[in-house]
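Working notes, structure below.
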Amino acid sequence: MNNLFSKIFGKESKALPGMNARFFASANCDGCGECERRCPTGHIKMVDGKPEWFKPCLLCAACATVCPENAILYGTPKEMDEYWRLVKEKTNREKDS
């Protein structure tokens, strides 16, 4: 019993939908390692100066919350690019109104 779930509930857990989170660090990441230090379950390891998520994630978002550069994103880079494209498009429409 080596994960947080097992420590709390006294038994092993199976991964729930979404627990294999697709967190990633954007280009804004400066490699400070704060996400690794603050992850309560130890799922983040710094590799070549960038965080990588190795175990099923509990989706607590502590990493994103403590990131001084707001560089931790959830999804795939393609999904995030699409999200920000839509945000920019909506902002431009509101400016034009």
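The values are calculated or read from the model by the stated rules, or taken from the named source; none is laboratory data. Everything numeric here is computed off the predicted structure, so don't read it as measured data. As a convention, Cβ positions derive from the backbone with ideal geometry for all residues, glycine included, and neighbour counts pool all protein chains shown.
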Do you know which of the residues in the stretch 37-83 that are at pLDDT 85 or above and in contact with a His (Cβ under 9 Å, 6 or more places away or on another chain) is surrounded by the fewest Cβ atoms within 10 Å (Cβ to Cβ)?
W53
Being closer than 18 Å to G33 by Cβ, touching a residue at least 24 places away in the same chain (Cβ under 8 Å) and part of a loop (DSSP other than H, G, I, E, B) is the filter here; which residues of the stretch 56-79 pass it?
C57, C67, P68, E69, N70, A71
Output the qualifying pairs, or none if there are none: Cβ atoms under 8 angstrom, residues six or more apart or on different chains, first residue in the stretch 32-45 and without any contact (Cβ under 8 Å) to a residue 40 or more places away in the chain, second residue assigned to a loop (DSSP other than H, G, I, E, B) and among the polar types (S, T, N, Q).
T41/N3
Find the residue count for the stretch 32-68, including only residues that are over 10 Å from the mean Cα position of the chain (by Cα) and of a type in the set (S, T, Y).
1
